[in-house]
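The values are calculated or read from the model by the stated rules, or taken from the named source; none is laboratory data. What you are looking at is a predicted structure, and each value in this text was computed from that prediction instead of being measured. Cβ placement follows ideal geometry from the backbone for every residue including glycine, while neighbour counts extend to all protein chains displayed. Surface accessibility is based on the protein's heavy atoms, side chains included, excluding ligands, DNA and RNA. Shrake-Rupley method; radii C 1.70, N 1.55, O 1.52, S 1.80 Å.
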Amino acid sequence: MAIMLNNITTFLFFLLVNSLLFYSIQSLARPRNPNSLILGLTPASRASLPTHPKASTSSRKKLTDVLDMMEPLREVRDGYLISLSIGTPPQVIQVYMDTGSDLTWAPCGNISFDCIECDDYRNNRMMASFSPSHSSSSHRDSCTSPFCIDVHSSDNPLDPCTMAGCSLSTLVKATCSWPCPPFAYTYGAGGVVAGTLTRDTLRVHGRNLGVTQEIPRFCFGCVASSYREPIGIAGFGRGALSLPSQLGFLRKGFSHCFLAFKYANNPNISSPLIIGDIALTSKDDMQFTPMLKSPMYPNYYYVGLEAITVGNVSATEVPSSLREFDSLGNGGMLVDSGTTYTHLPEPFYSQVLSVLQSIINYPRATDMEMRTGFDLCYKVPCQNNSILTGDLLPSITFHFLNNASLVLSRGSHFYAMSAPSNSTVVKCLLFQSMDDGDYGPAGVLGSFQQQDVEVVYDMEKERIGFRPMDCASAASFQGFNKT
């Protein structure tokens, strides 16, 4: 994997000073940049994708088989947060909901949580930390735990206990009782978290928000130090460590409906996250596409992209890498709520830009392009200085395998980067090119382009469904707004 030298140096230094020179496991989730969705600020570029994570092949008994869950997701400027109620008595920690990783972790520390290069979040009230010493049900996970073996990405189940300091006799007799040694978990664009695996009681909502269920001995990362990862993460991948996997939902599925960005930081309404059988009911009119299984990253969610239509014009031929994998497992389009913007590989990305430029006749806002790093910005006329100017820009439709199509919602492709001025508003295309498109996923469907779309992960039938929806109305109907 090609990583810039300074990223490697920073990473190694971080591990050294924290005395955590252990095996690391990689995730596909992109670290959240605090500037990602701030109007007019520079978007983060996607870094090289990681090396192979270890696929979990062992069969595990779930902590519990919860029938159904409904959880509210709070929209913030760079993602969607789920509240985890952990411990006895409960401590509520808000973390990102991320379909592009497995590990669930929370900032931990009886005194403070240390985050390197997280200055923009220093005074953020979301940075609440979990305190294990204040929970009577909290304890370290064992070095013999399959979760410990997973987080250390070990092929030898004895490795974690050896690292923990167990004697050879206890290893042979399988009697070592030492806790799982500290781990380091790295993310695709250079973020790192370091901590220990912890078990504690997790409380989740049932079929309605007024009912809660207790999940004993839920396993998560108790992270004391991180690099560019200021807020915890709830991993929703297909690996054993993920939240839906531990709760037994990978035999069923889940769905989410992300609110439009205009609702960001609105405390009165939440995006619905539905988990279990109720997420899969009444979906006869939904368009489904097969869930592709990546031999390189089997724990994550891939679909095949066949075409992109701009207005009534088809973009140039989509490369086959966006709908199939090569012999090494590279390719496919990753559906990732942990990546903000949709990424397309070159030269296809530039060809899509060319089609847009040939259709749109408004003047370019090159100053905004230079300031933000987005590649295509326009000065769009608006009436009465209102951003809601109607469909003045062409629609963009994604066509997936099995004749499934998704028309991106208004505001999820071209977005207003500033307030209107002189009956004009500057809107930029919130797509980006895929770095290292020949390695790992060929493209990524980011969370911003999933706004006002019901996305259903049908694990039983191995398919993903997309349906345009007014997620604010859906949230109100399902009781996710405060009255």
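Report, to the nearest whole %, how much of the accessible area of region 325-483 belongs to carbon and sulfur atoms, 1.4 Å probe, protein only. The computed percentage sits at 48. Annotation note: GluC sites (Glu not before Pro) in region 289-366 located in DSSP loop regions with a Cβ neighbour count of at most 12 within 10 Å are GLU317. Applying the criteria of a DSSP loop state and at most 15 other Cβ atoms within 10 Å to the trypsin sites (Lys or Arg not before Pro) of region 443-483 yields LYS461, LYS482.
For GluC sites (Glu not before Pro), the sites in region 397-483 that DSSP calls loop and that have at most 11 other Cβ atoms within 10 Å are GLU460. A straight chain from SER112 to SER320 at 0.36 nm per residue would run longer than the Cα-Cα distance by 70.1 nm.
Normalised by 2.2 N^0.38 Å, where N is the number of residues, the C-alpha radius of gyration of region 256-300 stands at 1.62. Overall dimensions of region 331-435, expressed as equivalent-ellipsoid semi-axes from the Cα gyration tensor (√(5λ), whole Å, largest first), are 25, 16, 13. Take the Cβ-Cβ distance between SER354 and LYS293 as r, set R0 to 30 Å, and report the resulting FRET efficiency rounded to the nearest 0.05. Result of the calculation: an efficiency of 0.35. With the cut-off at under 20 Å, measuring from each backbone N in region 253-272 to a point 7 Å along the Cα-to-Cβ line of VAL92 picks out 259, 264-272. Taking all Cα-Cα distances within region 161-266, those exceeding 20 Å account for 60%. Based on alpha carbons, the Rg and Dmax found for region 225-320 are 17.4, 50 Å.
So how strong a dipole does region 115-267 carry about its Cα centre when Lys and Arg Cβ are +1 and Asp and Glu Cβ are -1, to the nearest 20 debye?
Roughly 560 debye, rounded to the nearest 20.
For the set LEU393, LEU168, LEU247, solvent exposure ranked by accessible area (probe 1.4 Å, protein chains only) runs largest to smallest as LEU168, LEU393, LEU247.
Here the contact order of region 331-483, divided by its residue count and restricted to Cα pairs under 8 Å and six or more residues apart, works out to 33 percent. Using the Cβ-Cβ distance between ALA419 and SER177 with R0 set to 51 Å, the FRET efficiency works out to roughly 0.25.
Only protein atoms count toward the accessible area here, which uses a 1.4 Å probe; on region 173-229, the carbon and sulfur part of that area reaches 54 percent.
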